[in-house]
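Read-outs: derived from the displayed coordinates by stated rules, not from any lab. Just so we're clear, the structure is a prediction, and the values are computed from it rather than from any experiment. Glycine gets a Cβ as well: all are built from the backbone with ideal geometry, and neighbour counts include every protein chain shown.
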Amino acid sequence: MSTLSLILAGRQSAAEEGAPAAPLTARSFLESRNLWLLMAQYFASNFTFFFCLSWLFPHLKSRFELGSSEAGFYAAAPFLAGALGHFTAGAIVDRIYRSGHWTLSRRIPAAFGFALAAGGLVASAGANTPAAAVAWLSVAIFGADMTISPSWAVCIDIGRRNAGLVSGTMNMAGNLGSFATSLAFPYLEAWTGSTTLFFFQGAALNILAIGAWMAVRPEKRLGEY
């Protein structure tokens, strides 16, 4: 079966073809447990990842007294790990789904990714060299990016013809996580005199995200769960 045929065979039933998409009302939004769970875990994912886009470079320069070139070299590593995390999670999602386990194909890579993210952040906080700190942070970003594929897959699972609205809502929550980390890192460091609390806070959010994924029901549409 070609890719196009597979997509056409697996999308909404023919009975829905000509029907307009039901609007995602405020009530549907507020009552959808799946949507809230997706938003919560994506907040945690972006909280972890956005640190690399905002504060990693100055953090490495300050903590380990590195020059700009050396800090930039180290700061690139987590992004490479994140790209690998995307490919890895996508392959795992497909493999488990094809084995007939719809829910597990979303939960397993996401939960494993968040576990790696939590462990990597804690280990990075205690590292004594820039190489070790970045290596553990790369593990964390690899894990955080493993959660992306299942997240967007569930948006389609539960949203169906409203998948765009669900995706946008989840992504908004992720942007709030990005905003939170950009403020949390400098303020927590100024408050405690250390970056440790920030990394532990990120790890705690990732652990909570595992719990969120254990409650996600991808087989349930909006309005059903």
_Net length gained if the chain between Ser99 and Tyr187 were fully extended (0.36 nm per residue, minus Cα distance)_ = 27.0 nm
*Tell me which label goes with the value of Rg and Dmax of the Cα atoms in Å computed from the coordinates here: [x] 29.3, 100; [y] 22.6, 72; [z] 19.1, 64.*
[z]
*Whether segment 29-97 is rounded, prolate or oblate, judged on the alpha carbon gyration tensor where a/c under 1.5 counts as rounded*: oblate
*Can you give me the relative contact order of the chain as a percent, contacts being Cα pairs under 8 Å and 6 or more apart?*
35 percent
_the chain, helix-only ellipticity at 222 nm - DSSP H runs n ≥ 4, -39,500 (n - 2.57), divided by all residues, nearest 500_ = -27000 deg cm²/dmol
*List the DSSP H helices in the chain whose Cα atoms stretch 20 Å or more along the helix axis and whose mean Kyte-Doolittle hydropathy is at least -1.0.*
33-54, 68-98, 102-125, 130-146, 163-192, 196-215
_For the ranges 99-105, 155-161, what's the packing order if you count other beta-carbon atoms within 10 Å of each residue, average per peptide, and put the highest first?_
155-161, 99-105
*First check a/c for segment 115-225, with a ≥ b ≥ c the square roots of the eigenvalues of its C-alpha gyration tensor; if it is under 1.5, answer rounded, and if not, answer prolate when a/b is larger than b/c or oblate otherwise.*
prolate
